[in-house]
Amino acid sequence: MTLNTKPIFDTLANEGSVIDWKRLLAEILDAFDCSTGTIHTLVQDSQLLHLKAYQGIPEFLLPKMTVIPIGKGMAGVAAERKQPVQICNLQTDESGVARLSAKETKVEGSIAMPLMLNGQLHGTLGIAKLVPYEFTPEEKEILMEIGEAISRKIVS
């Protein structure tokens, strides 16, 4: 698989510009051939993840995803561990990491990535496919690089 991540990094390298969260998420989903995704940023004082952008999420699930505590659901667990959390098939998963309502997204192969910079958490990125899928080590590495670039924009 050849990923076209240039538009993502070009968007994030644009100094002084405000992040267009919806466009950024669409570029990430396009590069990884995913249908569904979210970006949350961390509010340091509260230790809560706040939704900045989403795509492919049913409207009735949004109230459950707007604010996520660290440690809850895939995004919260990725934030807590400061490591990627992946589920090959969300529809058949019984690990307990994903919340039951996550199955209502109808996605299968999913991953949640912490947005990290210099060992500090700044949020999470979650992407998913409609088919069972295991993200490769290379894909995870690129997603972590994207997360670092996003984090640089958040702190600048």
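The values are calculated or read from the model by the stated rules, or taken from the named source; none is laboratory data. From a predicted model like this one, the values you see are computed outputs, not experimental measurements. To get the accessible areas, we keep the full protein, side chains included, count just its heavy atoms, and leave off ligands, DNA and RNA. Shrake-Rupley method; radii C 1.70, N 1.55, O 1.52, S 1.80 Å.
GNM remark for the chain: springs join alpha carbons under 10 Å apart, and the peak mean-square fluctuation among I19, I127, I87 falls on I19.
Solvent-accessible surface (1.4 Å probe) assigned to F60 amounts to roughly 120 Å².
Sorted by accessible area with a 1.4 angstrom probe, largest first, how do E108, E145 fall?
Numbers: E108 40, E145 90 Å².
Output order, biggest surface exposure first: E145, E108.
Taking 24 Å as the limit for the C-alpha separation, the pairs K6/K64; K6/K72; K129/K153; K22/K153; K64/K140 exceed it in the case of K6/K64; K6/K72; K129/K153; K64/K140.
Using every pair of distinct Cα positions in region 1-74, the Kirkwood expression returns a hydrodynamic radius of 13.7 angstrom. Using heavy atoms of the protein chains and a probe of 1.4 Å, the accessible area assigned to Y54 is about 80 Å². Sort all Cα-Cα distances of the chain into consecutive 5 angstrom bins from zero, then give the percent of pairs in each bin up to the one containing the longest distance. P(r) over the chain, rounded to whole percents: 2, 10, 21, 25, 22, 14, 5, 1, 0.
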